[in-house]
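Asks: After the structure tokens below, expect a handful of questions from me.
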Amino acid sequence: MQELIDHITDKRVVRLDYRKFDASESAEYVIHPYLLKEYRNRWYVVGYHEDARMFKIFGLERIENITPLSQKLYWTQVVNFERFFENSIGITRYEETPEDILIACTSRQSKYLITQPLHPTQTFMKEENGWFIFKFHLVPTPEFTATLLGWADQIEVRKPVRYRKEFAEKIEQMVLLYRAKLAATG
């Protein structure tokens, strides 16, 4: 990590040999490293990727080699990384426009949300028939979805309909998986 800190401080372009989790071999990426970010005890480097002409995020544990490229000029851009991640939860960032997401949760789960909000845009809306309604204004990321899935029968995604359907499909896939495993093992 210190090597990346030095490259960020010195504004040095680097080539990463990076292996995605689902890849059998590493690939090369030339990046201009800007930021180290931690999420759930895992560190990431955020850097401007030359070929894609956009910022990309790389997990440090998947970097196999770092080579400084001193002959390349560093892409100097002032970036407000608080704003960069403001519409998401976790390390994933999409270019989509944030939307209002309404979830309903049990009284018990609402206490967790109230005492430890998931996102700065989280707002308690109302209580309705024993369910507590919260609104988020963000782009739903895999990390947001995984958090909600972790609450299982304590929450319901209400809006938008597209995200509600996507969420329900994930639950259906889980049910099918467990039914198949239970049927096979008795």
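Asks: Applying the selection to segment 93-114, what residues are of a type in the set (S, T, N, Q), in contact (Cβ under 8 Å) with a residue 40 or more places away in the chain and surrounded by fewer than 17 Cβ atoms within 10 Å (Cβ to Cβ)?
Replies: Listed by number, the residues that qualify are 97, 106.
Asks: Turning to a different aspect of this structure: Under 8 Å between Cβ atoms, which residue pairs at least 6 apart in sequence (or on different chains) link something in segment 1-19 that is free of Cβ contacts under 8 Å to residues at least 12 places away in the same chain with a partner that is assigned to a loop (DSSP other than H, G, I, E, B)?
Replies: Close Cβ pairs (under 8 Å, with a partner that is assigned to a loop (DSSP other than H, G, I, E, B)) amount to 6/12.
Asks: Would you please list the contacts, defined by Cβ atoms under 8 Å and residues six or more apart or on different chains, that run from a residue in segment 76-90 that is over 19 Å from residue 13 (Cα atoms) to a residue that is polar (S, T, N, Q)?
Replies: Listed pairs, sorted by first residue: 88/141; 89/141; 89/147; 90/141.
Asks: Then there's this: Output the residues belonging to segment 69-92 that are of a type outside the set (A, V, I, L, M, F, W, C) and touching a helix residue (DSSP H, G or I) at 6+ places or on another chain (Cβ under 7 Å).
Replies: 90, 92
Asks: Quick check on residue 130: is it among the small types (Gly, Ala, Ser) and in contact with a helix residue (DSSP H, G or I) (Cβ under 9 Å, 6 or more places away or on another chain)?
Replies: yes
Asks: At least 3 residues that are more than 19 Å from the chain's Cα centre (by Cα) and over 14 Å from residue 7 (Cα atoms) in each: list the strands (runs of 3 or more DSSP E) lying fully within segment 20-68 that qualify.
Replies: 27-39
Read-outs: derived from the displayed coordinates by stated rules, not from any lab. Just so it is clear, the model here is predicted, and its values are computed rather than measured. In this analysis, Cβ positions are derived from the backbone assuming ideal geometry, glycine residues included, and neighbour counts consider all displayed protein chains.
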